[in-house]
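Below: one structure, written as structure tokens.
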Amino acid sequence: MDLKSKIREVPDFPKKGILFYDITTLLKEKEAFAEIIAQLTNPFYGKNIEKVVAVESRGFIFGTSVAQQLHAGFVPVRKPGKLPSKTLEEPYQLEYGSDRLAIHEDAVSDGERVLIVDDLLATGGTISATVNLVKKLGGNIVSVAFVIELLGLKGRERLSGIPIFSLLTY
């Protein structure tokens, strides 16, 4: 299946000069969505993944399905103030400013094998913060996996030493 043909390209969104890859057109087709989940999951069967960690909000779409397929637990990473119990927070840089991500302090146990899943690898800021949170909790990051990687933004350079799996590249 040609998954790239299922992704809508939206020029000048969210601002002029940006080409946005809209995955909602892929998600609405049950066969394409099933194919994405299968391809995101297949490389990790037999890797003893104990937790799948994903970043809100689009990462949740893929992370929960991958966790279910791998018979692993699911851990959400969210903006501060969105998780109800005690959290760790990690700052990260945006194009214009900074933000923070949070994870429950008891979400990952020391030594647990973790797969981090998100929809998109661009500059790598969000995923680097997520990696740092998992490491602070003692998690053993097996890999990070993305539906789309924007190669020109060089996000993988911020993830040195961590295996990266990208399903589609632009």
Labelled set [x] 9.3; [y] 15.7; [z] 9.8; mean projected area of the Cα convex hull in nm² computed from this model equals the value at [z]
Name the residue, out of K51, K28, K15, whose mean-square fluctuation peaks in a Gaussian network model built on the chain with Cα pairs under 10 Å.
K15
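What number do you get for segment 74-170 when its Cα radius of gyration is normalised by 2.2 N^0.38 Å, N = residues?
Numbers: Rg = 13.1 Å, N = 97, 2.2 N^0.38 = 12.5 Å.
It is 1.05.
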In nm, to one decimal, how far is the modelled label at R8 from the one at E105, with both set 7 Å along Cα→Cβ?
4.4
Hey, can you list the DSSP H helices of the chain whose Cα span along the axis is 18 Å or longer and whose average Kyte-Doolittle score is at least -0.5?
58-70
At a 10 angstrom cut-off on C-beta neighbours, averaged per residue, how do the peptides 151-164, 30-43, 131-144 rank from highest to lowest?
131-144, 30-43, 151-164
To make sure I understand, if each residue's beta carbon is the centre and we count other beta carbons within 10 Å, what order do Y170, Y21 fall in, fewest to most?
Y170, Y21
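Each value in this text was obtained by applying a stated rule to the coordinates, not by laboratory testing. If you're wondering where the values come from, they're calculated on a predicted model, not measured in any experiment. Note: ideal-geometry Cβ built from the backbone for every residue, glycine included; neighbour counts use all protein chains shown.
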